[in-house]
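Please treat every number below as a calculation from the coordinates, not as lab data. Treat the numbers as computed from the prediction; the structure is a model and nothing was measured. Note that each Cβ is placed from the backbone with ideal geometry, even for glycine, and that neighbours are counted across all protein chains shown.
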Amino acid sequence: MLVVCGEVFKRYALNAPTAWIYDANNMMYGTLFMMCGAYALCQDGHVRGDFLYGSMKPRTQATLDLILFVAFFLPGVSALTWAGWTYFQESLAMHEHTFNATPLPLYPFKFVIPLAGSIVLLQGIAEILRCIVCLRTGAWTPRLKDVEEMDVVEEQLKGSTHVDEADRRDAIERAHAIDEAARQRGAGAGT
């Protein structure tokens, strides 16, 4: 975002646009989205047809997930990773660059494809192991809780030496009220 803001400032305030910002911005956004795949899988953030899946028992869900992971996920992500590695090697061999006045090297960006594929593959293996545990126990293992914004606010206020205890409690209560109001608005928008 800073790159885009810098480009907007240079283009409109200084009348000095750059040719390479567009390519760099696309590479950074591409890297961001590719590297988030494993995180989304870890947090169960990918889209699925829950109208049937949600009504199934955990063992049935785990069986279905295990079959789908082995039949589709592993071959698909393995192929993506392998093809991405080949794509990167070809780009590196020719020292591929962008086509503009200030050429940027493309091969570091193309390395992100097999890297992200490998990380998603590792997370997929973790999900397969989670399915196996569910098949044995009959219950899903809980996912790790992600840090929420309120956790960060509370930690920052607890560590602050410039706020007394009463103000700290008041700020945390107000932050919780704002967070809850936002959650209620979000829940109401989905219905």
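Taking neighbour Cβ counts within 10 Å as the exposure measure, how do V77, V153, V47 sort from fewest upward?
Values: V77 22, V153 16, V47 6.
Fewest to most other Cβ atoms nearby, the residues stand as V47, V153, V77.
Among T141, T63, which comes first, then next, by fewest other beta-carbon atoms within 10 Å? The partial results should precede the final answer.
On the way: T141 11, T63 15.
So the residues, fewest neighbours to most, are T141, T63.
Label I132 and R183 with points 7 Å out from Cα along Cα→Cβ: what is the distance between them in nm?
3.6
So who's got an amide H within less than 5 Å of the one on H97, skipping anything under 5 residues away but keeping other chains? H placed 1.01 Å off N, in plane.
Under 5 Å from the amide H of H97: L106.
What FRET efficiency, computed as 1/(1 + (r/R0)^6) with R0 = 30 Å and r the Cβ-Cβ distance, is obtained for R59 and W82, rounded to the nearest 0.05?
Details: r = 33 Å, r/R0 = 1.10.
Efficiency at R0 = 30 Å is approximately 0.35.
Using a/c under 1.5 as the rounded threshold, could you call the chain rounded, prolate or oblate? The axes a ≥ b ≥ c are square roots of the C-alpha gyration tensor eigenvalues, and prolate needs a/b larger than b/c, oblate otherwise.
Numbers: a/c = 2.40, a/b = 1.07, b/c = 2.24.
Taking the square roots of the gyration eigenvalues as a ≥ b ≥ c, the chain is oblate.
In what order do C134, C5, C42 fall by count of nearby beta-carbon atoms within 10 Å, going from fewest to most? Walk me through the intermediate numbers first.
Values: C134 21, C5 9, C42 15.
Ranked by crowding around the Cβ, least crowded first: C5, C42, C134.
Checking understanding here: applying a Kyte-Doolittle mean of at least -1.0 and a length along the axis of at least 18 Å (C-alpha), which whole DSSP H helices in the chain pass? Mind showing how you got there, number by number?
On the way: long enough: 21-35 (21 Å, 0.42); 74-93 (28 Å, 0.41); 107-137 (45 Å, 1.34); 165-189 (36 Å, -1.10).
The qualifying helices are 21-35, 74-93, 107-137.
Nearest 500 deg cm²/dmol is fine: what mean residue ellipticity at 222 nm does the chain get from its DSSP H runs of n ≥ 4 alone, each adding -39,500 (n - 2.57), divided by its residue count? Walk me through the numbers before you get to the answer.
Numbers: 9 runs with 130 residues, N = 191.
My calculation for the chain gives -22000 deg cm²/dmol from helical runs alone.
Grab the Cα-Cα distance for L104 and E165, subtract it from 0.36 nm times how many residues apart they are, and report the gain in nm with one decimal. Could you put the intermediate results ahead of the total?
Working: separation 61, 0.36 × 61 = 21.96 nm, distance 5.23 nm.
Stretched fully, the L104-E165 segment lengthens by 16.7 nm.
Quick one: dipole size for the chain, taken about the Cα centre, charges +1 on Lys/Arg Cβ and -1 on Asp/Glu Cβ, in debye to the nearest 20. Numbers along the way, then the final one.
Numbers: 16 positive and 21 negative charges, 133 e Å.
Around 640 debye, computed over the chain.
Fully extended, how many nm does the chain gain between K145 and L92 (0.36 nm per residue separation, minus their Cα-Cα distance)? If you can, show how the numbers build up before the last one.
Values: separation 53, 0.36 × 53 = 19.08 nm, distance 3.90 nm.
In short, 15.2 nm is gained.
Which residue fluctuates most in the GNM of the chain (Cα springs below 10 Å): I67, I178, I113?
Ranking I67, I178, I113 by mean-square fluctuation puts I178 first.
Which chymotrypsin sites (Phe, Trp or Tyr not before Pro) in segment 98-140 sit in a loop by DSSP (not H, G, I, E or B) and have at most 10 other Cβ atoms within 10 Å of their own Cβ? Working shown, then result.
Numbers: sites: F99, F109, F111, W140; in loops: F99, W140.
Answer in residue order: F99.
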